[in-house]
1. Could you grab me the full set of residues in region 276-313 that are touching a Phe, Trp or Tyr at 6+ places or on another chain (Cβ under 7 Å), free of Cβ contacts under 8 Å to residues at least 40 places away in the same chain and among the basic types (Lys, Arg)?
2. Within region 144-167, can one find any residue that is polar (S, T, N, Q) and touching an Asp or Glu at 6+ places or on another chain (Cβ under 9 Å)?
3. Please go through region 365-378 and pick out each residue that is at pLDDT 95 or above and more than 18 Å from residue 396 (Cβ to Cβ).
4. For region 183-205, name all the residues that are assigned to a loop (DSSP other than H, G, I, E, B) and either among the polar types (S, T, N, Q) or not assigned by TED's automatic domain parsing to the domain that holds residue 95 (or both).
5. Tell me the residue from 216, 205 that is on the phi > 0 side of the Ramachandran plot, in contact with a strand residue (DSSP E or B) (Cβ under 9 Å, 6 or more places away or on another chain) and in contact (Cβ under 8 Å) with a residue 60 or more places away in the chain, please.
6. Take the conditions modelled with pLDDT of 95 or more and charged (D, E, K, R) and apply them to residue 7. Does it pass?
7. In the list 134, 150, which residue meets the criterion of being among the polar types (S, T, N, Q) and within 30 Å of residue 302 (Cα to Cα)?
8. Kindly list, by first and then second residue, each pair from a residue in region 415-428 that is more than 23 Å from residue 439 (Cβ to Cβ) to a residue that is among the polar types (S, T, N, Q) and surrounded by fewer than 24 Cβ atoms within 10 Å (Cβ to Cβ), limited to pairs with Cβ atoms under 6 Å and residues at least 6 apart or on different chains.
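The values are calculated or read from the model by the stated rules, or taken from the named source; none is laboratory data. Note that the coordinates shown come from a computational prediction; the quantities given were computed from them, not determined experimentally. With ideal geometry, Cβ positions are generated from the backbone for all residues, glycine too; neighbour counts draw on all protein chains shown.
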Amino acid sequence: MEANHIEVRHLTREDMSELRAACQEVYQIKELATWNEKVVDTLLTKFPEGQICVCVDGTVVGCAFSLIVDYSRFGDEHTYDQITDKLKFGTHDPSGDVLYGIEVFIHPDYRGLRLARRLYDARKELCENLNLRSIIAGGRMPNFAKHADSITAKQFIEKVKTKELHDPVLSFQLSNDFHVRKLLKGYLTGDTESLEYATLIEWPNIFYTKSVKLINAPKSEIRLGLVQWQMRTLDNLKQLFEQIEFFVDAVSDYKSDFILFPELFNAPLMADYNHLSVTQSIRKLADYTEVIRDKFIEFAITYNINIITGSMPYLIDGHLHNSGFLCRRDGTWERYDKIHVTPAEARNWAMKGGERIRVFDTDCGKVGIMICYDVEFPEYSRLLADQGMNILFVPFLTDTQNGYTRVRHCAMARAIENECYVAIAGAVGNLANVNNMDIQYAQSALFTPSDFAFPTTGIKAEAVPNSEMSLIVDVNIDLLKELHSHGSVHTMRDRRKDLYQLTQVKSEK
């Protein structure tokens, strides 16, 4: 099933008809589809914040329902009917200490998009932001009946833990950081697949903060994946996609929020056009850009990660630009352009600089994106910082160490003067069969401001020079907030606006 836009949000009463349709597809037998209008209306009345749905292209295709309970009232020996008050939900206690998961389901037609994981992540976020000590649920074991003649329920759980056996519910829960607290007997009446057994599972909230934010609140801890891309001969577009997906898959396995690719990473595709002039060959490369962009959008949705696509040549109104795309994990995307083209880009490729200076909103806050040479112009990044940028992403491509040094040291300066994080990612290796793209030099890195909360060198992490690899690094936005107010110096606040000011001459088109 294809998806162009995915959204996780709170369920509303207006979603009831779509919820009912999805529920009947999940349970097949109409009588088992217990989530009717009356039951859901009761849930939404008692605890609207705890009812979460996932929408694909505007249609509800899955839900996660939950209650807050005073767990001491029930203890580890309870049944589904007891915890839900036989679906009347009189057990919900706003002053309780546990978020109890009572249902998660996904429409069968949408089960290849990792949507259940998004619902679990939203529920974890809700647990943290409501300051509840854990999530607890009774998990079915639908594959147990197939093995009940040869092993006990306890042995089944152990074999699923060691991956000797697979269970669609328990295996998924274990992979999402839940642990089995105990085995329950007679948990859900009529559950013949599990022989009425269930695992009492728990996800502990290690933060246990006093925050009262609900889901989709801005994150403070953000994980970045920076791709140091190896230029290599490619026979076709499929090979490029395979290499892109390799990195997206690997970085998303570490639950990264962003992945950054380098500038002009798709240059190997120009090998087929070496017989043309460099000006013509780069325009041939631009023919691939929209197809590659669409593949990035697909990967962003499938792997639940925000992708910054580096850059590619792109024809806009007949003019060649050096452009990239922010592909958000909800399926939306936006374009950014290189503002300052290098003398070589203007001379050899007749490239034109872009005219849009802006930050981008993401589910991890505001970010800026500047392509290579752009980072050498401090005015540009300061305009982005004035718009609330916390992270600046810089995809680059440099042939010599001289060029790389300019990018590196300017990026470090931008982090200090704008009190933000700066992530740079470049390409390495040689392309003997592509004119004008012979050699590359790079050392991808994450730079920080220079103050007590950050590394003394201003370098949070850096890759091995000239080696293909991915760099996974965490940044904390709360540290920037502290720096803005209580840092040793205040480079953003202490500007002498009585003597000088920076303004944007041309507004965004």
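1. Of everything in region 276-313, just one residue is touching a Phe, Trp or Tyr at 6+ places or on another chain (Cβ under 7 Å), free of Cβ contacts under 8 Å to residues at least 40 places away in the same chain and among the basic types (Lys, Arg), namely 284.
2. The answer is no, given that none of the residues of region 144-167 is polar (S, T, N, Q) and touching an Asp or Glu at 6+ places or on another chain (Cβ under 9 Å).
3. Matches in region 365-378: 366 only.
4. Of everything in region 183-205, those that are assigned to a loop (DSSP other than H, G, I, E, B) and either among the polar types (S, T, N, Q) or not assigned by TED's automatic domain parsing to the domain that holds residue 95 (or both) turn out to be 189, 192, 194, 205.
5. Only one candidate qualifies: 216.
6. yes
7. Answer to the check: 134.
8. 416/450; 417/491; 420/390
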